[in-house]
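What follows is one structure encoded as structure tokens, with my remarks underneath.
The values are calculated or read from the model by the stated rules, or taken from the named source; none is laboratory data. What you see is a predicted model, and the numbers here were worked out from it, not measured in a lab. Note that we place each Cβ from the backbone using ideal geometry, even for glycine, and neighbour counts take in every protein chain shown. Just the protein is used for accessible areas: all its heavy atoms, side chains included, with ligands, DNA and RNA removed. Shrake-Rupley method; radii C 1.70, N 1.55, O 1.52, S 1.80 Å.
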Amino acid sequence: MGILLTEAAADPAMGTGGLIGGSLLYLVVIFGAMWFFMMRPQSKEKKRLASMLASLELGDCVLTTSGFYGIVIDISDDTVIVEFGNNRNCRIPMDKSAISRVEKPGEN
């Protein structure tokens, strides 16, 4: 006539430990996946861009973020002077961060 209760059923606080641990594990997995698919590629691209700008030399052909091709004629710490087109008088100083791609001479 008596109903047998297990220890977990008798103490409701004991049964929620698995639920909280499972939820916490689920959140950790979600945040790990978000980092792996969003933050990691962004940091790799940032490193690639920094190494590309560090290897910038005189005479390199560059593509700016605005879509213009030019030749690097002078480099300082944060700026470069780029010569655009066939007109030798079109020389524009710009930030290194405005360069999106570098092509070395003889590469194609």
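Of the listed residues 23, 97, the order by accessible area with a 1.4 Å probe, largest first, is 97, 23. Summary of packing: across the peptides 62-74, 43-55, the per-residue average of other C-beta atoms within 10 Å ranks them, highest first, as 62-74, 43-55. Working from label points 7 Å from Cα in the Cα-to-Cβ sense, the residue 25 to residue 77 distance is 5.3 nm. The residue among 73, 86, 38 whose Cα reaches farthest toward the positive pole of the charge dipole of region 31-103, with charges on the beta-carbon of Lys, Arg, Asp and Glu, is 38. When 29, 102 are compared by accessible surface with a 1.4 Å probe, the order from highest to lowest is 29, 102. Extension gain, residue 100 to residue 42, is 19.4 nm, computed as 0.36 nm per intervening residue step minus the present C-alpha separation.
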